[in-house]
1. Between Val49, Val19, Val86, find the one with the highest GNM mean-square fluctuation for the chain; connect C-alpha pairs within less than 10 Å.
2. Which chymotrypsin sites (Phe, Trp or Tyr not before Pro) in region 42-131 sit in a loop by DSSP (not H, G, I, E or B) and have at most 14 other Cβ atoms within 10 Å of their own Cβ?
3. Let me have the 222 nm mean residue ellipticity of the chain computed from DSSP H runs of 4+ only, each contributing -39500 (n - 2.57), with the sum over all residues rounded to the nearest 500.
4. Taking a quarter of the surface of the Cα convex hull of the chain, what do you get in nm²?
5. With each label point set 7 Å from Cα along the Cα-Cβ vector, what nm distance links Asn17 and Asp121?
6. What angle do you read, to the nearest 10 degrees and between 0 and 90, between the alpha-carbon axis of helix 16-29 and the longest principal axis of the chain?
7. Which of the trypsin sites (Lys or Arg not before Pro) across region 1-77 are loop residues per DSSP, with 16 or fewer other Cβ within 10 Å?
8. Accessible area per residue for region 1-114 in Å², computed with a 1.4 Å probe and the full protein assembly in place, what is it?
Amino acid sequence: MADAKWYVVHTYSGYENKVKADLEKTIENRKLQDTILEVTVPLQEVVEVKNGEKKAAQKKMFPGYVLIHMIMNDDTWYVVRNTRGVTGFVGPGSKPVPLEPDEMARMGISAGSIQIDYQLDDTIVVTSGVWEGTIGVIREINESKQSVTIMVDMFGRETPVELSFTEVRKM
């Protein structure tokens, strides 16, 4: 299987989050999780002053653009290109050009992967986020998405929860 790279997709202005949601739904429905790994709308923290009060807010870094981490092939190209709100890939003609690692670093997106020593059935504790302090057993490890799935007891039922490698540690 080829390496996944980051591509930039141009969207209608204001449709970035809608495109992201539609793409994620299509990825799930068509079971493309192994080829389209991540869809993101890069945000940056800004401080706005309204009525004399400073307020932190998040603004889109690149209005009209969505970043997609994927393995480029005919199927993934077709799915992305035919998503409502997408006007096309960034690149000359119809050939998408992946972002270079130094371009990704300048945007604050790490192209490197996190090395882990987790295995299935390891007991881990969640170190951040909504599930902080929760203890669970690893049921699935997804290296491409850099996540683990643990089973959590919620309302008397075992429920799968997907967490980033950075949100958990081994007990």
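1. Between Val49, Val19, Val86, it is Val49 that shows the largest mean-square fluctuation.
2. Of the chymotrypsin sites (Phe, Trp or Tyr not before Pro), the ones in loops of region 42-131 whose Cβ has at most 14 other Cβ atoms within 10 Å are Tyr118.
3. Helix contribution divided over all residues of the chain: -4500 deg cm²/dmol.
4. Averaged projected hull area, Cα only: 13.3 nm².
5. About 4.3 nm separates the two model spin labels.
6. 60 degrees
7. Answer in residue order: Arg30, Lys31.
8. Normalised by residue count, the accessible surface of region 1-114 is 65 Å².
The values are calculated or read from the model by the stated rules, or taken from the named source; none is laboratory data. From a predicted model like this one, the values you see are computed outputs, not experimental measurements. Cβ sites come from the backbone with ideal geometry, for glycine too, and all protein chains shown count toward neighbours. Please note that ligands, DNA and RNA were not included when accessible areas were found on the heavy atoms of the full protein model with its side chains. Shrake-Rupley method; radii C 1.70, N 1.55, O 1.52, S 1.80 Å.
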